[in-house]
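Below is one structure; the comments refer to it alone.
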Amino acid sequence: MSRQRLLVIGGDAGGMSAAAQARRIDGSLDVVVLEQGEDTSFSACGIPYWVGDLVGSREDLVARTPEEHRRRGIAVHTGTRAESVDLDACRVTAADGRTFDYDHLLIATGGRPSRPPIEGLNAPGVLGVHRLDDGARIRAAIDALPRDRQGKAVVLGGGYIGLEMAEVLQRRGLAVDVVLADPLPMGLLDADMGERVCEAMRAMGMGVHTDQAVREVLLDRDGRACGVRTDQGTYDADLVVLGLGMGPEARLAEAAGLGIGVTGGIDVDATMRSRTHENVFAAGDCVQTYHHLTGEPAHVALGTHANKQGRVAGSVIAGRPARFAGVLGTALTKVGDLEIGRTGLCTTQAEQAGFDFRTDVVEGTTRAGYYPGAEDIAVKLVTEAGSGRLLGGQVVGGAGAGKRVDVLATAIWGRMTAEELSESDLSYAPPFSPTYDVVAVAARVVSRAERG
Ligand SMILES: Cc1cc2nc3c(=O)[nH]c(=O)nc-3n(C[C@H](O)[C@H](O)[C@H](O)COP(=O)(O)OP(=O)(O)OC[C@H]3O[C@@H](n4cnc5c(N)ncnc54)[C@H](O)[C@@H]3O)c2cc1C
């Protein structure tokens, strides 16, 4: 009997997690990976910190090279773009004309950065942040700036990639303007929490220009980007960096005839199997998943999910049952010294989901007030009215604040009430929190209010 072949399209988090897991479980499986670029298992998450000189080199951002994967028995073909999939013949054709047959196909083509039709957006000097090559281009652009004056950068978008890039560009000595269409940065925070982020960015010396529609990227005589014009102003720039959001890269799957969900991601079940073709799986930024609380379809482009989903798909393909249990939208970032975390439903999402809910904000410090380095922290809870069940949490504060969001995510995941969270055995020592951590205090405030 010939060996069963798993063919993987895309050699990063989703694809390589699936490939490695399938191979680990079933050593007899023939695992072949097609990757259009030259890198595998790279950390896009680290690009801002590499641009900011906080990470030594590009190599540091590669967890496992193609050669390392090959040594583990995975046949990686780099520089090989999958051009089309014939679902009836179970065959993928690459851009160079080679064909690859499969028994199981795993699509992990990742995300597609949003590029709205704005005049000048494709000009030199406008730089995306998606792959390691983008990081290299941004570094080169910074290095090429004239030294006799301060360079200027305009960041388009106020999501976490925009914020992280704004911070590191400033760290590299550039004057930074962030331009966003929304009223506040970090759109999945409630306004009162987003305002704290906005204030912190302005206090760092960044220009934060909210509620503005970009009309065009201005070009100099050589056709290079030299500024951005919005409906409210003009901002000079030596480089324009894009952080406008990420959609699923599902064009290859859609053209092949695979089912696509309402979010534009590949429609898969909890085992990451296509709902329309049973020997096809998909994982990572290219898929539609679902919200763990509401059960509603969701597209959340994060590495945490891509890795887990790839592992689930690899397990199932190799014959071991596994399921991906959905997402809460838990995310963490920082700008300067301010740490920002969110999980579950924000106010707008709770409204959309039809919950009757209350919100509470509690302020405190990250450490015992007398301990050096205690910083301000604010925790916001969204809880179901009546039952006190936790629906969402947001955390904004100084060093040490952000990871508290994981306590909230765990409590929401476990469907705990605020009262149960307030009674939980949470740790305390002065260097880490006050006697009652602000998370526990917030939960207690809610449970008291619920009890009337
Ligand atoms: C700047 C930045 C910071 C981030 N920070 C975080 C963070 O802090 N935390 C977090 O959880 N997530 C973060 N993310 C998101 C995270 O990087 C992604 O969710 C994750 O990389 C998705 O993995 P993936 O395998 O689905 O897709 P990708 O990483 O996009 O990989 C897809 C791969 O498929 C290849 N490919 C695509 N089409 C084809 C084709 N037709 N043929 C062959 N190969 C193809 C691509 O070249 C690519 O290598 C960040 C992303 C960026 C850009």
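The values are calculated or read from the model by the stated rules, or taken from the named source; none is laboratory data. The shown structure was predicted, so the numbers you read here are calculated from the model rather than taken from an experiment. Cβ: placed from backbone, ideal geometry, glycine included. Neighbour counts: every protein chain shown. To get the accessible areas, we keep the full protein, side chains included, count just its heavy atoms, and leave off ligands, DNA and RNA. Shrake-Rupley method; radii C 1.70, N 1.55, O 1.52, S 1.80 Å.
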- Message: Among the residues in region 280-291, are any more than 16 Å from the ligand (Cβ to nearest atom), open to solvent by 10 Å² or more (accessible area, probe 1.4 Å) and over 30 Å from Ser84 (Cα atoms)?
- Response: yes
- Those residues of region 293-313 which are outside any helix (DSSP H, G or I) and either over 14 Å from Arg112 (Cα atoms) or outside the structural domain of Gly14 (by TED's automatic domain parsing) (or both) amount to Leu293, Thr294, Gly295, Glu296, Pro297, Ala298
- Taking the residues in region 1-19 that are open to solvent by 20 Å² or more (accessible area, probe 1.4 Å) and part of a helix (DSSP H, G or I) as candidates, determine which candidate is nearest to the ligand (Cβ to nearest atom). Ala13
- Task: Could you tell me which numbered condition Leu242 fails, if it satisfies all but one of (1) away from the ligand (no atom under 11 Å from the Cβ); (2) closer than 28 Å to Val217 by Cβ?
- Result: (1)
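The rows are residues; the columns are (1) more than 20 Å from the chain's Cα centre (by Cα); (2) open to solvent by 40 Å² or more (accessible area, probe 1.4 Å); (3) over 26 Å from Gly120 (Cα atoms); (4) within 16 Å of the ligand (Cβ to nearest atom).
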position: Gly159; (1), (2), (3), (4): no, no, no, yes
position: Glu164; (1), (2), (3), (4): no, no, no, yes
position: Ala181; (1), (2), (3), (4): no, yes, no, no
position: Pro185; (1), (2), (3), (4): no, no, no, yes
position: Met201; (1), (2), (3), (4): yes, no, yes, no
- Kindly establish whether Leu121 is open to solvent by less than 60 Å² (accessible area, probe 1.4 Å), at pLDDT 95 or above, in contact with a Gly (Cβ under 6 Å, 6 or more places away or on another chain) and part of a loop (DSSP other than H, G, I, E, B). no
- Kindly provide the set of residues from region 20-43 that are of a type in the set (A, V, I, L, M), within 16 Å of the ligand (Cβ to nearest atom) and open to solvent by 10 Å² or more (accessible area, probe 1.4 Å), ordered by number. Ala20
- Task: Looking only at region 235-272, count how many residues are touching a residue at least 40 places away in the same chain (Cβ under 8 Å), in a strand (DSSP E or B) and touching a helix residue (DSSP H, G or I) at 6+ places or on another chain (Cβ under 7 Å).
- Result: 3
- For region 78-109, enumerate the residues that are surrounded by fewer than 18 Cβ atoms within 10 Å (Cβ to Cβ) and not in a loop (DSSP other than H, G, I, E, B). Glu83, Ser84, Asp86, Arg91, Thr93, Thr99, Asp101
- Message: So, in region 318-375, how many residues would count as being hydrophobic (A, V, I, L, M, F, W, C), open to solvent by less than 40 Å² (accessible area, probe 1.4 Å) and within 16 Å of the ligand (Cβ to nearest atom)?
- Response: 7
- Message: Quick test for you: out of Gly303, Gly314, pick the one residue that is within 16 Å of the ligand (Cβ to nearest atom), in contact (Cβ under 8 Å) with a residue 12 or more places away in the chain and out of contact with any strand residue (DSSP E or B) (no Cβ under 9 Å at 6 or more places or on another chain).
- Response: Gly303
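Let's see how each residue does on (1) in contact with a Ser or Thr (Cβ under 9 Å, 6 or more places away or on another chain); (2) under 30 Å from Ala378 (Cβ atoms); (3) in the same structural domain as Gly344 (by TED's automatic domain parsing):
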position	(1), (2), (3)
Leu189	no, yes, no
Val197	no, yes, no
Val208	no, yes, no
Gln212	yes, yes, no
Val217	no, no, no
Ala237	no, no, no
Val240	no, no, no
- Item | Unique match (being of a type in the set (Gly, Ala, Ser), in contact with a helix residue (DSSP H, G or I) (Cβ under 8 Å, 6 or more places away or on another chain), more than 9 Å from the ligand (Cβ to nearest atom) and more than 23 Å from Lys308 (Cβ to Cβ)) among Gly120, Gly52, Gly73, Gly56 | Gly52
- Note on the structure: So, first residue part of a loop (DSSP other than H, G, I, E, B) in region 34-59, second residue more than 6 Å from the ligand (Cβ to nearest atom) and of a type in the set (Phe, Trp, Tyr), Cβ within less than 7 Å, six or more apart or across chains; the pairs are Val55/Tyr49
- Test set (1) farther than 21 Å from Tyr160 by Cα; (2) open to solvent by 60 Å² or more (accessible area, probe 1.4 Å) - Lys403 fails condition number: (1)
- Could you please let me know if Val262 is surrounded by 19 or more Cβ atoms within 10 Å (Cβ to Cβ) and more than 16 Å from the ligand (Cβ to nearest atom)? no
- Task: Could you look through region 129-165, keep only residues that are without any contact (Cβ under 8 Å) to a residue 12 or more places away in the chain and small (Gly, Ala, Ser), and pick out the one that is farthest from Met193 (Cα to Cα)?
- Result: Ala144
- Task: Output the number of the condition that Glu296 fails; it satisfies all remaining conditions of (1) within 30 Å of Glu199 (Cβ to Cβ); (2) open to solvent by 50 Å² or more (accessible area, probe 1.4 Å); (3) of a type in the set (D, E, K, R).
- Result: (1)
